[in-house]
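Scroll down for the structure; my scribbles are underneath it.
Values quoted throughout were computed directly from the atomic coordinates according to the rules given, and no laboratory measurement underlies them. What you see is a predicted model, and the numbers here were worked out from it, not measured in a lab. Cβ atoms come from the backbone with ideal geometry, glycine included; neighbour counts cover every protein chain shown.
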Amino acid sequence: MRLVLICIMLSEALILPACAHTGVGPGNSFSSGVAHPLSGADHLIAMTMVGLWSVFTGGRAVVVWPATFVAAMLGGFAAASSGLQIVFVEQAICWSVVLLGVLVALGVRAPVALGAVIVGLFAFFHGHAHGTEAAAARLVPYAAGFALATSALHAVGIGAGFCVRSLVGRLLLRAAGGCAAVVGLSLLGG
């Protein structure tokens, strides 16, 4: 029953814009920065999956991977804000949802450095998307807002991972990873 509820919640996230980067006004304030990661399924799922995956791996990954994600996301933001144009940003973001979901679903335990490279690469694209929308006069407040919201989403994933100790609970969280991968595939198709 919980698995069904998790999948329903993830599917309901699709009612929001498929990718939070289309049709959104310019990022021009701290509050719009906070709202941005909360406004689309791609952000909500990918960032929560980073937290979950870090707990499944354990150890230093719980701190290193979310911190790497935020740092690389800010790097992507700075690159886009400076005018660097990259093709396929939206597709890379959607693939991040798919692949992070698969990593959680399979319970993959990666070395901390490899996991940091993976989440850092995904984060760069998420940050780039943020940077293409930012208003030049208000970059710092906007970046601070989305960095804070991203950290909060990582914390949700970490909290879910630590709160669920039973085998059944762990299987449900892995099933949520599978649902995330399916949602990511639907974002690619939509």
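Per this entry, ALA143 is counted among residues that are touching a strand residue (DSSP E or B) at 6+ places or on another chain (Cβ under 8 Å) and either of a type in the set (Gly, Ala, Ser) or under 19 Å from ALA79 (Cβ atoms) (or both).
Looking only at the range 95-132, count every residue that is of a type in the set (Gly, Ala, Ser) and more than 15 Å from the chain's Cα centre (by Cα) and tell me the total. Give the steps one after another, and end with the answer.
From the range 95-132, those of a type in the set (Gly, Ala, Ser) are 96, 101, 105, 107, 110, 113, 115-116, 120, 123, 127, 129, 131; that's our starting set.
From what's left, more than 15 Å from the chain's Cα centre (by Cα): 105, 107, 110, 113, 131.
Qualifying residue count for the region: 5.
Kindly indicate whether any position in the range 133-148 is under 12 Å from the mean Cα position of the chain (by Cα) and closer than 14 Å to VAL70 by Cα. Yes - at least one qualifying residue is present in the range 133-148.
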